[in-house]
Every structure is written in C-alpha cells, then in structure tokens.
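The values are calculated or read from the model by the stated rules, or taken from the named source; none is laboratory data. Computed from a predicted model, the values in this text were never measured in an experiment. Don't worry about glycine lacking a Cβ; one is built from the backbone with ideal geometry, like all the others, and counts go over all protein chains shown.
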C-alpha cells in the first residue's frame with residue numbers, strides 16, 4: 001500500500017510539471033495591432049464579411065481611442081496601406097470613410113498614420129465634399145510627384161458625373177491636400193471662405209511659414225501652400241461684418257488676414273512667379289492659378 005501511494009504521488013508530480021510547462025498563447029500578444037491588422041494590409045476591408053469588418057473596426061476604435069459615435073454617422077474602416085517614408089521608415093495608413101447621411105451635410109474621411117510598431121503618429125479628419133457621396137479611396141503611385149498618394153473620389157449626390165478628386169500626400173508624417181481636380185484631371189480651386197465647403201485637411205501657419213513652404217524641396221509641401229494661396233478666401237475688407245451670432249460659418253478672420261498678408265508680399269509674389277516655370281507640371285499649374293487668384297465676390301460676406 002505504501003509503495004502504491006508513493007507511485008501515485010510520483011505520477012501526480014510528473015503530470016503537474018508537464019501541465020505547467022505547456023506554453024499557452026498570450027492574450028496580450030494575440031491582440032497586438034500587428035497580429036490583428038497586418039494580414040489585411042492592401043485588402044479592401046469593405047469587401048469582407050460583416051463579422052470581420054465589425055471586429056477590425058472595434059479593435060481599431062480601441063487603438064485610436066475613439067469616443068462614442070452614433071451608428072448613423074460613424075466612420076468605417078476601408079483600407080490599410082503600407083509605405084516607406086523618405087527616411088526609409090515603414091508607415092501604415094488606415095483610411096476610414098464617413099458616408100453622407102443627410103442633405104445638407106458633408107461626407108468625411110479619417111486617416112490615421114502609424115509607425116512600424118503600429119503606434120499612432122497622427123489622426124486627420126477632413127471633408128470629402130459638401131452634399132457629396134464618398135465613393136472610393138486608393139493609395140497609388142503618382143508620376144508627377146514620384147511618390148505615393150491617396151486619391152479620394154467623391155460625387156455630387158444625385159449626379160455622379162460631377163466628380164471631385166482629392167490628391168493627398170504625406171509631408172513629414174502629415175496628411176496634406178496636394179491637389180484638387182475634377183474627373184478629367186482639371187485643377188480646381190479649394191474654398192476656405194465657408195469651412196463646410198473646404199476640401200481636405202485644414203492647416204494653420206503664420207505668414208512666414210507659408211512663405212517657407214513655397215521654398216520647400218518637397219513638392220507636396222509646395223503644392224499644399226499653392227493650394228491654400230490659390231483658394232477662395234474671405235475678403236479681409238468684409239471681416240468686420242462677421243459676427244458671432246451668424247448661423248453661417250465663415251473663415252476665421254485671422255486666417256483671412258494671413259492669406260491677404262502673404263498674397264501682398266512682393267517676395268512671395270516673386271516666388272510664385274518663379275514656380276510657374278517649374279519643371280513639375282502640377283506645381284507650374286498650381287502657381288499659375290495662385291498668380292491669378294483674386295477675392296471672389298461670391299465668397300464675400302453678404
């Protein structure tokens with residue numbers, strides 16, 4: 001009997017050691033962003049089954065600490081892209097779309113930039129068109145810039161022939177609007193006088209910083225500055241008529257004055273004139289538009 005008890009205790013000890021030595025998947029490791037999102041890089045998320053889309057969206061919302069959104073106007077994950085930045089560092093781009101849910105209103109996009117460890121660098125939300133349906137987004141190579149860009153297509157509700165394309169570039173880990181064009185590729189002016197009609201990410205700089213951007217060696221940053229300078233802005237002479245009790249939103253008076261200061265600077269005008277001769281066709285075209293930009297009467301405060 002004693003021998004049987006000793007044998008039983010020995011067997012129990014062996015089993016205990018064996019059980020404790022078996023490795024089990026770490027719940028933390030299994031839920032890392034790399035494990036969750038890596039296999040979906042380059043995949044059309046909206047083409048996946050609903051359960052997978054919901055799981056990815058919930059994980060992503062948790063990653064970027066999304067506050068509670070309604071089910072009607074929430075953002076939905078569309079794409080996960082990977083690219084190599086100028087400094088040879090790997091970056092991931094997660095693109096989300098927010099559809100047009102009512103008229104009048106705008107559709108929107110949210111772009112989150114992450115580093116090679118899937119840590120959030122920045123999240124940028126911007127309009128994809130007033131009264132416009134967000135149709136598609138693609139991460140493509142653009143020969144005019146020798147770089148990859150995000151092309152976002154939107155069409156006017158009820159008229160899909162009226163299409164606008166936003167071309168967004170990456171400048172020092174910033175998502176910026178490099179160009180706005182129609183379906184045929186014709187350059188369009190952005191509208192800043194009425195914020196609800198403004199396309200792309202908003203950017204705030206001093207007059208000196210805008211001048212520096214025009215001299216950048218990065219063509220995307222130059223295009224961003226030209227797009228801002230050539231856009232429709234609030235006439236500074238009308239700023240005094242903008243009062244807080246108005247229901248219509250207007251461009252911030254400080255921003256209107258900044259663009260007026262930059263446009264009137266002789267050094268800036270010389271820079272823009274020189275850029276009209278750029279070998280880059282997009283820069284030359286944008287500079288031509290900026291050269292002829294005036295305060296549009298339609299966008300003055302009534």
Test: residue 127 is in a strand (DSSP E or B), over 23 Å from residue 54 (Cα atoms) and in contact with a helix residue (DSSP H, G or I) (Cβ under 8 Å, 6 or more places away or on another chain): yes
Qualifying positions in segment 132-143 - surrounded by fewer than 16 Cβ atoms within 10 Å (Cβ to Cβ) and touching a residue at least 12 places away in the same chain (Cβ under 8 Å): 136, 138
Complete set of residues in segment 200-232 that are touching a strand residue (DSSP E or B) at 6+ places or on another chain (Cβ under 7 Å) and either closer than 19 Å to residue 280 by Cα or surrounded by 22 or more Cβ atoms within 10 Å (Cβ to Cβ) (or both): 200, 218, 220, 221, 223, 224, 227, 231
Breaking point among (1) farther than 23 Å from residue 196 by Cβ; (2) surrounded by fewer than 19 Cβ atoms within 10 Å (Cβ to Cβ), for residue 170: (2)
Hits in segment 144-160 (condition: part of a strand (DSSP E or B) and loosely packed, with under 15 Cβ neighbours inside 10 Å): 159, 160
Those residues of segment 42-59 which are loosely packed, with under 12 Cβ neighbours inside 10 Å, closer than 23 Å to residue 140 by Cβ and free of Cβ contacts under 8 Å to residues at least 24 places away in the same chain, in sequence order: 47
Complete set of residues in segment 186-199 that are in contact with a strand residue (DSSP E or B) (Cβ under 8 Å, 6 or more places away or on another chain) and either within 14 Å of residue 168 (Cβ to Cβ) or in a loop (DSSP other than H, G, I, E, B) (or both): 188, 189, 190, 192, 193, 198, 199
Matching residues in segment 162-185 - criterion: being touching a strand residue (DSSP E or B) at 6+ places or on another chain (Cβ under 7 Å) and in a loop (DSSP other than H, G, I, E, B): 173, 183
Output for segment 14-52, where each listed residue is modelled with pLDDT of 50 or more, part of a helix (DSSP H, G or I) and out of contact with any strand residue (DSSP E or B) (no Cβ under 9 Å at 6 or more places or on another chain): 34, 35, 36, 39, 47, 50, 51, 52
Within segment 200-216, tally of residues that are modelled with pLDDT of 95 or more and part of a loop (DSSP other than H, G, I, E, B): 2
Candidates 77, 113, filtered to the one that is crowded, with 21+ Cβ neighbours inside 10 Å and outside any loop (DSSP other than H, G, I, E, B): 77
Cβ pairs under 7 Å, 6+ apart, first in segment 77-90 and on the phi < 0 side of the Ramachandran plot and without any contact (Cβ under 8 Å) to a residue 24 or more places away in the chain, second surrounded by fewer than 18 Cβ atoms within 10 Å (Cβ to Cβ) and part of a strand (DSSP E or B): 84/90
